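What follows is one structure encoded as structure tokens, with my remarks underneath.
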Amino acid sequence: MTTNKTVDYGLLFLLALIWSTSFLLIKLALPTIGPFSLTAVRLLIAAILLLGLLLVSGGKLPLHKNALQLYLVVGILGNTLPFCMISLGEVYIDSSLAAILMGIMPI
């Protein structure tokens, strides 16, 4: 199967642009909002958007005890803690350095 490499590189560039600008926006918002409030607002916006997407697609979210416990663990370890740490780190370092350090992490 052949793919159009120009489209692939274009999408990769778009992803990098979107992802890296979030670090700049975090840095700009930190002096007025603070790291913990910023994290809460980011996660609230994401939750509202994902809930809207779930409702539009007609999906159902399991709400039994085991699922809620899993949501809590994943929410804290996968979202809240990392986003708080990124925001706290950007209090002390430049947004460009934060973006580079986060980009190196998968390597």
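The values are calculated or read from the model by the stated rules, or taken from the named source; none is laboratory data. Everything quoted here is computed from the prediction, not taken from an experiment. Don't worry about glycine lacking a Cβ; one is built from the backbone with ideal geometry, like all the others, and counts go over all protein chains shown. These accessible areas exclude ligands, DNA and RNA; they are computed on the full protein's heavy atoms, side chains included. Shrake-Rupley method; radii C 1.70, N 1.55, O 1.52, S 1.80 Å.
Computed 3J(HN,Hα) for region 34-46, one whole-Hz value per residue from the Karplus formula 6.51 cos²θ - 1.76 cosθ + 1.60 where θ = phi - 60°, is x, x, 6, 5, 4, 4, 4, 5, 4, 5, 5, 4, 5, glycine and proline marked x. The mean sequence separation of alpha-carbon pairs under 8 Å and at least six residues apart, normalised by the residue count of region 25-107, gives a relative contact order of 52 percent. Accessible surface computed residue by residue for the chain, with neighbouring protein chains in place and a 1.4 Å probe, gives 79 Å² per residue. Nonpolar atom fraction for the chain, defined as the carbon and sulfur part of the 1.4 Å probe accessible area, stands at 77 percent. Modelled spin-label separation between LEU68 and ILE33, with each label point placed 7 Å from Cα along the Cα-to-Cβ direction: 2.8 nm. Seen through its C-alpha gyration tensor, with square-root eigenvalues sorted a ≥ b ≥ c, the chain comes out oblate because a/c lies at 1.5 or above while a/b is not bigger than b/c.
Each Lys and Arg contributes +1 and each Asp and Glu -1, all at the Cβ; summed about the Cα centre of the chain, the dipole is approximately 300 debye.
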